[in-house]
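**Student:** Here it is: the structure, laid out below.
The values are calculated or read from the model by the stated rules, or taken from the named source; none is laboratory data. Bear in mind the structure is a predicted one, so any value in this text is a computation, not a measurement. Positions of Cβ are backbone-derived with ideal geometry, glycine not excepted, and every protein chain shown enters the neighbour counts. Accessible surface areas use protein heavy atoms only, side chains included; no ligands, DNA or RNA. Shrake-Rupley method; radii C 1.70, N 1.55, O 1.52, S 1.80 Å.
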Amino acid sequence: MDFRYFSMPTDDEFEKLLIRMNPPRVTVDNSSSKTATLIKVDGANRCGILLKMVQTLIDMNIIINRAYISSDGEWFMDVFHCTDQNGNKLLEDNLADRIQQSLGPAAFGFQALRRSIGVEVESVLEHTTIELTGKDRPGLLSEIFAILADLKCNVLAAEVWTHNSRMASVLYITDEATKLPINNPEHLAKIKQLLFYVLRGDIENKSGGVDANTAVVSVGSTHKERRLHQMMYANRDYDTCDEDCNGSTSDESNKKKPIVTVDYCADKVYTVVNLRCLDRPKLLFDAVCTLTDMQYVVYHGTAIAEGPEAYQEYYIRHIDGYPISSEAERQRVIHCLEAAIKRRTSEGIQLEFCCEDRVGLLSDVTRIFRENGFSVIRAEVTTRDCKAMNVFYVADAYGAPVKTETIEAVRKEIGFTILHVKNNDNNNNVMNVFSSSKDTTPQESGRFSLSNLFKMRSVKFFCKSFMGSFS
């Protein structure tokens, strides 16, 4: 049996040369579909190109409604049906150039991704980046921001994920006085020491919980959201035994759980991964990122997200060219994809915070959250034109919804015009979506079959599009 496989790049300059010789070609088509812009990308195949394409579109705030992926050979061709955040077509004149520039040689010039976990600090042009991983607990985020404020660090941006008793965060900071990155070794050492002390928390407890906290200094950078996935994966947030011990196996939790299947293809050439869950932004990126970092190559794929549910199907092999061959490996892929989906699921009450930025602002806000029994599930912190624009997803200390009167008391203390509660339609619809399809498979419903769609529609579509691209 003939297997094709990718070899990991070992020479960065040689990789750049190959990309310059065979740059991806990007075509933007606004005439083939009435509702979406078709972005077609084709070129010489290489490891990681699919993830880079999806990452580029996501970073440009483009919504991917459909994706057709084909890369079984020396060449690839992928087609994405896209809209803007408001569901409209993409009408920018230079869109293709912007995408092509993002996929050029400079985009693949970074070195091997870091694999250490814990606290990582690196200096870049405009800020210092701090990476934290450890055991999650109520009030942890408040303590982290309090330490940074006390050490005269201004937090420009941050993203925090929690899942299965783990926490991972990436923070961008500057020196309060100079507004520049922090490069002083003594100052950096003190920041790391105090943050590590906070991350340890009750590490001495004998409950057998997560205690993988380390402190590491490194230079270099990678995509923030991809790095968060890597940090969570390294901290084994996909372990199902921990999730069961935390009592997250209720009927309601099971109904929200994504459906992931990993099956053997009939001729054993591929492993087929099917994914079905409630749709949300960046879902395609999360799935492709996880498969790529687990060293699987997606040869063919189909993704559809045009309703409350999203469906994805991937034909994959390991980077060595072979499909999944053991039950243990199959289960691991299932658990890792489930974890990747749930890390960014918008559970809890969504609070939007907007006001003039100042040093110590996050410390004050999260302290109020902690004093009122809020536990921050996820956070997105940004600063634009001296304005703090932050989003927090909160629950109580036990993971249950926060009472309305408690939220209103917090809003009164912070300011009704500063802190707003945003309704989360996804959470309201999740029970209805999964209840209506609980006992119905995609084939039985008559509305969707990933396997049939791939065989009957995607292949024909790819052949037609790919041949047409050379005419």
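**Student:** May I ask you to give the solvent-accessible area per residue for segment 349-422, in square angstrom, as obtained with a 1.4 angstrom probe?
**Tutor:** Accessible area per residue: 52 Å².
**Student:** Along the Cα→Cβ direction, 7 angstrom out, place labels at residue 406 and residue 151. What is the inter-label distance in nm?
**Tutor:** For residue 406 paired with residue 151, the spin-label model returns 3.0 nm.
**Student:** With 22 Å as the limit, write out which pairs from 224/282; 152/387; 40/224; 34/422; 179/422 have Cα-Cα distances beyond it, or answer none.
**Tutor:** 40/224; 34/422; 179/422
**Student:** Another question, if that's okay. Please list the non-local residues whose amide H lies under 5 Å from the amide H of residue 136, H modeled 1.01 Å from N, same-chain partners needing a gap of 5 or more.
**Tutor:** 166, 167
**Student:** In segment 267-346, what GluC sites (Glu not before Pro) fall in a loop by DSSP, with at most 13 other Cβ atoms inside 10 Å?
**Tutor:** Answer in residue order: 306.
**Student:** Could you report segment 259-343's accessible area per residue, 1.4 Å probe, as an integer in Å²?
**Tutor:** So segment 259-343 comes to 32 Å² accessible per residue, rounded to a whole number.
**Student:** Residue 382 to residue 417: extension gain in nm, 0.36 nm per residue of separation minus the Cα-Cα distance?
**Tutor:** So the chain would gain 10.8 nm between residue 382 and residue 417.
**Student:** Hey, another quick one. What translational diffusion coefficient, in µm²/s and rounded to a whole number, does the Stokes-Einstein relation yield for segment 13-107 at 37 °C and a viscosity of 0.692 mPa s, taking the hydrodynamic radius as the Kirkwood radius over Cα pairs?
**Tutor:** For the chosen part, D equals 241 µm²/s.
**Student:** Shifting gears a bit: Within segment 259-343, what whole-number % of the accessible surface is contributed by carbon and sulfur, with the 1.4 Å probe and all protein chains included in the calculation?
**Tutor:** Solvent-exposed carbon and sulfur of segment 259-343 make up 59 percent of the total.
**Student:** Quick one: if the Förster radius is 35 Å, what FRET efficiency do residue 358 and residue 189 give, using the C-beta to C-beta distance and rounding to 0.05?
**Tutor:** It comes to 0.85.
**Student:** Using 0.36 nm per residue of separation minus the Cα-Cα distance, give me the extension gain between residue 75 and residue 30 in nm, one decimal.
**Tutor:** Contour length minus Cα-Cα distance gives 13.8 nm.
**Student:** Can you tell me the accessible area per residue over segment 13-107, all protein chains present, probe 1.4 angstrom, in square angstrom?
**Tutor:** 46 Å²
**Student:** For segment 371-377, take each phi angle, set θ = phi - 60°, evaluate the Karplus expression 6.51 cos²θ - 1.76 cosθ + 1.60, and give the result in whole Hz per residue in order, putting x for glycine and proline.
**Tutor:** Per residue, the Karplus-derived 3J(HN,Hα) values read 5, 9, x, 7, 10, 7, 7 Hz.
**Student:** For residue 89 and residue 59, what does the FRET efficiency come to when R0 = 25 Å and r is the distance between their Cβ atoms, rounded to the nearest 0.05?
**Tutor:** 0.85
**Student:** Each residue of segment 33-38 in turn: what ³J(HN,Hα) in whole Hz from Karplus with 6.51, -1.76, 1.60 and θ = phi - 60°, glycine and Pro shown as x?
**Tutor:** Once θ is set to phi - 60°, the couplings for segment 33-38 become 10, 7, 10, 9, 8, 8 Hz.
**Student:** Same structure, new question: Pull out a ≥ b ≥ c, the square roots of the eigenvalues of the alpha-carbon gyration tensor of segment 259-343, then state rounded if a/c is under 1.5, prolate if not and a/b is larger than b/c, and oblate in the remaining case.
**Tutor:** prolate
**Student:** Hey, another quick one. Report the full-extension gain for the segment residue 177 to residue 200: residue separation times 0.36 nm, less the Cα-Cα distance, to one decimal in nm.
**Tutor:** The span from residue 177 to residue 200 would gain 5.3 nm if fully extended.
**Student:** For segment 349-422, taking Cα atoms only, what is the radius of gyration to one decimal and the Dmax to the nearest whole Å?
**Tutor:** 11.6, 37
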